[in-house]
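J.: This is the structure, below, for whatever I ask next.
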Amino acid sequence: FGAGRRRSLAAALAALVALPAAANLRAPRRVPESPSTALAARAEGLVVERERLTFLCGAEACDVTAEYDLSAPAAERVRLEMVLPGPGAVTARTNGDEGPVRVVPAEPLKPEELRGLPEAGPGAPTLHRAAFEAPLRAGPNTIVVRYVQPLGGEEVGHSSRRAGRFVQRFRYELWPLREWTRKDGFRIRLAIGVQRPAPGVWQRWFGHPRSVACLTSDPAAPALEGRLEQKGDRLWLEAELGPAFPDRITCYVGDDDLMPRY
């Protein structure tokens, strides 16, 4: 062979040898996510007593219901708003009456949002802002907000020859509740229901049934303590936070052996 042909052959052989190594470098499949937040309010005199927060999670998203009990010193209309992980539909009811909700891109973010919201990762859905006016009466009031939160997640345990398992997640920002005056003994009651038929004996002993777990942003108490219970075709995680609470919770859905543990 001439020198040119020898160089070409060496390059071709090097490329063939490198192929398996390159194939092994496949990146894990990722679905980026953006958070949603609790309601923020700047009205004077309002006192929030509790929040009941429910996530009903399916294959790709969770139906979210956030219910607030609060008291007002007098009848008034107040503007309430929240940040959402996208432009989806939102419903808001005040004392059972539904009113219009305006959903627009959240940019530019407010100073407290810039401080409180984690930096968006590549490809994360664009944050939106939902705002509405709540006609409050003097005394107790109930506000119920409903929307859909897409699930993000990441593949783990993959290789060049097989798909890995997928762990889903969502984030919820609690820090906007610090803008409120909170009643002594304020509580957040959290319930997360994920689709899962009750596992049989074989799956419980030798398999990895679907589960759910949450972490908090509090480094002193990173694990969210709660109760897991099968109810019908859903596994429920129920927990209570308060009077003190973390800035955010991040919840994971996937095989039980892949759930974060502390």
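J.: Could you please find all residues in region 204-214 being assigned to a loop (DSSP other than H, G, I, E, B) and open to solvent by less than 60 Å² (accessible area, probe 1.4 Å)?
T.: G207, P209
J.: Please go through region 156-182 and give me each residue that is under 29 Å from D97 (Cβ atoms), more than 16 Å from the chain's Cα centre (by Cα) and outside any loop (DSSP other than H, G, I, E, B), ordered by number.
T.: The answer is L177, R178, E179, T181, R182.
J.: Quick one: is R93 of a type in the set (K, R), modelled with pLDDT of 95 or more, closer than 13 Å to V145 by Cβ and open to solvent by 20 Å² or more (accessible area, probe 1.4 Å)?
T.: Answer is yes for this residue.
J.: If I filter region 215-262 down to residues being basic (K, R) and more than 18 Å from T37 (Cα to Cα), which single residue comes out as least open to solvent (accessible area, probe 1.4 Å)?
T.: Ranking the qualifying residues of region 215-262, first place goes to R234.
J.: Another question, if that's okay. Given the criterion at pLDDT below 95, of a type in the set (D, E, K, R) and over 26 Å from M259 (Cβ atoms), identify the matching residue among E133, E119, E179, E155.
T.: That would be E179, the only listed residue that is at pLDDT below 95, of a type in the set (D, E, K, R) and over 26 Å from M259 (Cβ atoms).
J.: Step by step: first the residues of region 120-150, then only those that are open to solvent by 50 Å² or more (accessible area, probe 1.4 Å) and part of a strand (DSSP E or B), then the one that is farthest from T91 (Cα to Cα). Which residue is that?
T.: So the residue we want is P140.
J.: In the set G185, G153, which member is outside any loop (DSSP other than H, G, I, E, B) and open to solvent by less than 30 Å² (accessible area, probe 1.4 Å)?
T.: G153
J.: Looking only at region 70-90, count how many residues are open to solvent by 40 Å² or more (accessible area, probe 1.4 Å) and more than 30 Å from V31 (Cα to Cα).
T.: 6
J.: Okay, next question. Give me the pairs, please: first residue somewhere in region 36-55 and within 12 Å of E179 (Cα to Cα), second residue anywhere and open to solvent by 40 Å² or more (accessible area, probe 1.4 Å) and among the hydroxyl-bearing types (S, T, Y), beta-carbon distance under 8 Å, and either six or more positions apart or on two chains.
T.: From region 36-55, the pairs are G45/T181; L46/T181; V47/T181; V48/T181.
J.: Sticking with this structure for a sec: Within region 24-69, how many residues are open to solvent by 10 Å² or more (accessible area, probe 1.4 Å) and part of a strand (DSSP E or B)?
T.: Total meeting the criteria: 14.
J.: Looking at (1) surrounded by fewer than 21 Cβ atoms within 10 Å (Cβ to Cβ); (2) more than 22 Å from D256 (Cβ to Cβ); (3) acidic (D, E), find the lone condition where E173 falls short.
T.: Only one criterion is unmet by E173, namely (1).
The values are calculated or read from the model by the stated rules, or taken from the named source; none is laboratory data. These figures come from a predicted structure and were not determined experimentally. So basically every Cβ, Gly included, is an ideal-geometry build from the backbone, and we count neighbours across all protein chains shown. These area figures cover heavy atoms from the full protein model, side chains too; ligands, DNA and RNA do not enter into them. Shrake-Rupley method; radii C 1.70, N 1.55, O 1.52, S 1.80 Å.
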